[in-house]
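The values are calculated or read from the model by the stated rules, or taken from the named source; none is laboratory data. Because the structure is predicted, anything quoted here is derived from the model rather than measured. Cβ placement follows ideal geometry from the backbone for every residue including glycine, while neighbour counts extend to all protein chains displayed. For accessibility, only protein heavy atoms count, side chains too; no ligands or nucleic acids. Shrake-Rupley method; radii C 1.70, N 1.55, O 1.52, S 1.80 Å.
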Amino acid sequence: SKKRTFLYKRLKNRKIKVYLDTRIGSAAHRNLGYANSEKDTEYYAFTDSDCIVDKNWLKILVRTIEKSPKKVVGIGGINLVPKTDSKNSKLFTAIEQTFIGAGGTAQTKVFKKITEVNSIPNCNVLYKKVVWEKYLQDERLIKGQDGEFNMRIHNDGGKFLVNPKAIVWHKRASKLKKQLRKYFLYGQATSKILKKHR
């Protein structure tokens, strides 16, 4: 697209490599990033195209993981709705923050202190290199690939923490139809994951 080409031209003269992936799904893109990273890379940090990270986001994630026990292989933060989002977006977010809406998961819950969780959404995460050496994300999953990835890591003894100071503003759907479609796709992904892992 024109937007991606413009971004590529802006960054190509800096010490940043930009890869344009023709495959579909963020699992494929993250795996591509890992495959093309420098050999001495220690951490992999991810956010999404509809997110804005706080200026201290990366620094906080790195400092937190470096002070954490060895078994902690991933650090995340909280995902807030931008102030500029619509009333509907804020309402959908408030619903997701309830136990019924998202089950109190790290996807939407606003933690008050550093907390251990079972999984971290990849719109706000930093992983140690070791997990990417051992696992890759399942590129067949277009939704829920981060949850499935985290589940395999967690089942093998890896631990995750959320630091509420690592903030990402994550744009939410403003139309009910779009929000319901998102729920449908996540439900569909969950059924695929359950089938894969019995």
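Annotations
- Filter pass, Leu58 being touching a residue at least 24 places away in the same chain (Cβ under 8 Å), open to solvent by 50 Å² or more (accessible area, probe 1.4 Å), in a loop (DSSP other than H, G, I, E, B) and aliphatic (A, V, I, L, M): no
- Sub-6 Å Cβ pairs linking a first residue in segment 179-198 that is surrounded by 12 or more Cβ atoms within 10 Å (Cβ to Cβ) to a second residue that is in a helix (DSSP H, G or I), at least 6 apart or interchain, are Gln179/Phe92; Ile193/Glu148, ordered by first then second residue.
- Only one entry in Lys165, Lys90, Lys83, Lys109 is assigned to a helix (DSSP H, G or I) and basic (Lys, Arg), namely Lys90.
- Filter result (over 16 Å from Gly76 (Cα atoms) and either without any contact (Cβ under 8 Å) to a residue 60 or more places away in the chain or open to solvent by 30 Å² or more (accessible area, probe 1.4 Å) (or both)) within segment 135-147: Tyr135, Leu136, Glu139, Arg140, Ile142, Lys143, Gly144
- In this structure, Ile65 does not qualify as touching a residue at least 40 places away in the same chain (Cβ under 8 Å), under 16 Å from Asp146 (Cβ atoms) and open to solvent by less than 60 Å² (accessible area, probe 1.4 Å).
- Criterion (open to solvent by less than 40 Å² (accessible area, probe 1.4 Å) and not aliphatic (A, V, I, L, M)) met by exactly one of Asn118, Asn124: Asn124
- Selection status of Asp156, at pLDDT 90 or above and under 13 Å from Arg30 (Cα atoms): no
- Per this entry, His197 is not counted among residues that are of a type outside the set (D, E, K, R), more than 30 Å from Thr84 (Cα to Cα) and in contact with a Ser or Thr (Cβ under 9 Å, 6 or more places away or on another chain).
- Single unsatisfied condition, Arg23 versus (1) modelled with pLDDT under 95; (2) open to solvent by 100 Å² or more (accessible area, probe 1.4 Å): (2)
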